[in-house]
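The block underneath contains the structure these notes are about, expressed in structure tokens.
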Amino acid sequence: MIDEEVKNRLRENVGREDLRELSPALMQVVDIISLEQFVDLCYAIGGLSIYVPKFESIVAAARDRLILKEFSGYNYSELAMKYSISEVWVRQI
């Protein structure tokens, strides 16, 4: 492990020009979470192969709770359109 002071000095000096070898997908991560957060991520888990789930899979439970909360007993079509799912799926929820 790198000494905390050295780590912080290195982290403060990393610039986008140092990332020119990264894939477009990783550059998208940098754009989303910030360069500083990306450097921290690399320090914490760099070298690991990780799976990043699709947005839909991580929000499905929250979506289902909202649908149940908003359900009036008759608004299947409205909820299906609002949450971009089928009416059949709304009925299953």
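Quick notes on this one:
- Per DSSP, loop chymotrypsin sites (Phe, Trp or Tyr not before Pro) in the chain with at most 13 further Cβ within 10 Å: TYR51, TYR74
- Protein accessible area in the chain, 1.4 Å probe - carbon and sulfur %: 58 percent
- Each Cα pair under 8 Å and six or more residues apart adds its sequence gap; the mean of these over the residue count of the chain is a relative contact order of 17 percent.
- Within straight-line cross-link reach of LYS82, lysines at Cα separation under 19 Å, skipping those fewer than 8 residues along the same chain: LYS69
- Assigned charges on the beta-carbon of Lys, Arg, Asp, Glu; the chain dipole about Cα centre (debye): 480 debye
- Cα-derived Rg to Rh of the range 1-41, Kirkwood definition: 1.00
- Note on the range 27-93 and the range 1-24: Cα centroid distance 30 Å, given to the nearest whole angstrom.
- Reach of LYS7 by Cα under 15 Å, taken over aspartates and glutamates that are not fewer than 8 positions away in the same chain: GLU36, ASP40
- The range 1-82: trypsin sites (Lys or Arg not before Pro) in DSSP loop, at most 10 other beta carbons within 10 Å: ARG20, LYS54
- Folded to 0 to 90 degrees: helix 4-13 orientation relative to the chain principal axis, Cα: 80 degrees
- Å³ per residue enclosed by the Cα convex hull of the range 27-93: 124 Å³
- Summed residue charge, Cβ within 15 Å of TRP89's Cβ, Lys/Arg positive, Asp/Glu negative: -1
- Solvent exposure of the chain as accessible area per residue, Å², 1.4 Å probe: 82 Å²
- Taking GluC sites (Glu not before Pro) across the chain, the ones in a DSSP loop with at most 16 further Cβ atoms lying within 10 angstrom of their Cβ are GLU21.
- Model label sites at ASN75 and ILE45, defined 7 Å from Cα along the beta-carbon direction, differ in position by 3.7 nm.
The values are calculated or read from the model by the stated rules, or taken from the named source; none is laboratory data. Note that the structure is predicted; figures quoted are calculated from it, not measured. We place every Cβ from the backbone using ideal geometry, glycine too, and count neighbours over all the protein chains shown. When the accessible area is computed, the model is the full protein with side chains, heavy atoms only, and any ligands, DNA or RNA have been set aside. Shrake-Rupley method; radii C 1.70, N 1.55, O 1.52, S 1.80 Å.
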